[in-house]
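Input: a single structure, listed below in structure tokens.
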Amino acid sequence: MLTLASLSLRLGVSGCRGGRRSIATVVSGNKTSRLVRERLALEVERMRSRFSGFRPALVVLQVGDRDDSNLYISSKLKAAAQIGIDARHVRLPSSATQDEVLQNILSVNENPFVHGLIVQLPLDSVNPMDSELITNAVSPDKDVDGLSCINAGKLSRGDLKNCFIPCTPNGCMELIRQTGVSVAGKHAVVIGRSKIVGAPMHDLLLWNHATVTSCHSKTTDLPEQVGRADILVVGAGRAEMVRGDWVKEGAVVIDCGINHVPDETKASGKRVVGDVHYASANERAGFITPVPGGVGPMTVAMLMENTVLSAQRFLLKNPAGR
Ligand code: NDP
């Protein structure tokens, strides 16, 4: 027999509140990132035909040979190839000095045929490296990771049209848009204040007119803060820290966390979970992102979007396409 609860489960929509079990609508990063990538592929094709073979170009600079970095880079290169972006992987040995890294960055900065440059972090080097100095050596016009002080400063002042927004928060915003929930006037809570996730997420929500609370490791009343959130974005790096009973009924819950926990049922002996306890949060949220398949794929899609945006800005200044 088809009950209201089972219908709700099948459709994946929230409902049946007031004591009875309900589930949130899952906001799929796999699906949304595919739509973004398809849109970008069309845009790149348009550029190619209009500007005689012009292609957005991206350089990914890596120092060393970390397994996780290799994996992230290969997914970026694959996405770029699918979209038609000309992506080049420059790998320096872990013996490279900071000066060599800086020289490589400067030569890409000066290359007019490259529109985006990212330095894969963390740097895997045997030599001392100042990652802040290196991040800020990337020309702000090519900083498609949006991590330089110039781009972060513009974002913090609400100059969203003239900066590059860091990819993970940008992906989170895209997922929030997918829910159809308007951000303006809502109370948003962000857990985490890192340069890559939490701080830019705070700024982005603020300039999309939410009232924003930032939480971090010294926040003393995290469950209470979370309970006030119409929109909750979590980037703490703590496996399943946010419990379902903290979450406000009907909230939008965006989980950036990627944590590996032991799981004997898996061949690898581990599985990936987010920073939110999905099963319990799913019963209270209105919308929720899964892990994996939520924010993760969006990060790569947004890197591609920033690269295409950078190429568009280049073409505005150089209408001949070179
Ligand atoms: P960081 O370690 O740089 O920052 C974590 C933040 O969470 C810090 O601001 C820290 O506070 C805060 N925090 C830690 N513990 C607590 C706690 N118990 N209560 C409240 N706040 C806490 O991590 P990142 O920002 O780089 O990454 C966060 C998560 O997002 C990780 O799981 C990471 O793997 C994931 N991630 C996912 C990406 C994706 O593409 N999906 C991309 C980047 C990251 P304080 O500042 O006080 O130390």
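The values are calculated or read from the model by the stated rules, or taken from the named source; none is laboratory data. Bear in mind the structure is a predicted one, so any value in this text is a computation, not a measurement. Positions of Cβ are generated from backbone atoms using ideal geometry, with glycine treated the same way; all protein chains shown enter the neighbour counts.
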- Message: Out of everything in segment 215-240 that is within 6 Å of the ligand (Cβ to nearest atom) and more than 23 Å from residue 303 (Cβ to Cβ), what residue ends up being surrounded by the most Cβ atoms within 10 Å (Cβ to Cβ)?
- Response: 215
- Mind telling me which of the residues 249, 283 ends up being in contact with a Gly (Cβ under 6 Å, 6 or more places away or on another chain) and either part of a loop (DSSP other than H, G, I, E, B) or aliphatic (A, V, I, L, M) (or both)? 283
- What is the residue count in segment 221-244 for residues that are in contact (Cβ under 8 Å) with a residue 12 or more places away in the chain, part of a loop (DSSP other than H, G, I, E, B) and farther than 14 Å from residue 188 by Cα? 7
- Check 247, 252 and return the single one that is more than 12 Å from the ligand (Cβ to nearest atom), of a type outside the set (Asp, Glu), closer than 22 Å to residue 174 by Cα and in contact (Cβ under 8 Å) with a residue 40 or more places away in the chain. 252
- Message: Cβ-Cβ under 7 Å, sequence separation 6+ or interchain: first residue in segment 163-191 and over 18 Å from residue 296 (Cβ atoms), partner crowded, with 20+ Cβ neighbours inside 10 Å and among the acidic types (Asp, Glu). Which pairs?
- Response: 164/143
- Task: Tell me, yes or no, whether segment 206-214 has at least one residue that is aliphatic (A, V, I, L, M) and surrounded by fewer than 15 Cβ atoms within 10 Å (Cβ to Cβ).
- Result: no
- residue 313 passes all but one of (1) within 14 Å of the ligand (Cβ to nearest atom); (2) not polar (S, T, N, Q); (3) not in a loop (DSSP other than H, G, I, E, B); which number fails? (1)
- What single numbered condition from (1) assigned to a helix (DSSP H, G or I); (2) within 15 Å of the ligand (Cβ to nearest atom) fails to hold for residue 206? (2)
- Message: Can you tell me which condition residue 297 does not meet? The list is (1) under 13 Å from the mean Cα position of the chain (by Cα); (2) closer than 23 Å to residue 56 by Cβ; (3) crowded, with 24+ Cβ neighbours inside 10 Å, and all the others hold.
- Response: (3)
- Enumeration of residues in segment 291-322 that are touching a Ser or Thr at 6+ places or on another chain (Cβ under 7 Å) and at negative phi: 295, 297, 298, 299, 300, 301
- Message: Scan segment 275-288 and tell me whether some residue there is within 16 Å of the ligand (Cβ to nearest atom), at pLDDT 95 or above, surrounded by fewer than 19 Cβ atoms within 10 Å (Cβ to Cβ) and of a type outside the set (Val, Ile, Thr).
- Response: no
- Every pair of residues 6+ apart whose Cβ atoms lie under 6 Å, when the first sits in segment 257-279 and is farther than 15 Å from residue 291 by Cα while the second is of a type outside the set (D, E, K, R): none
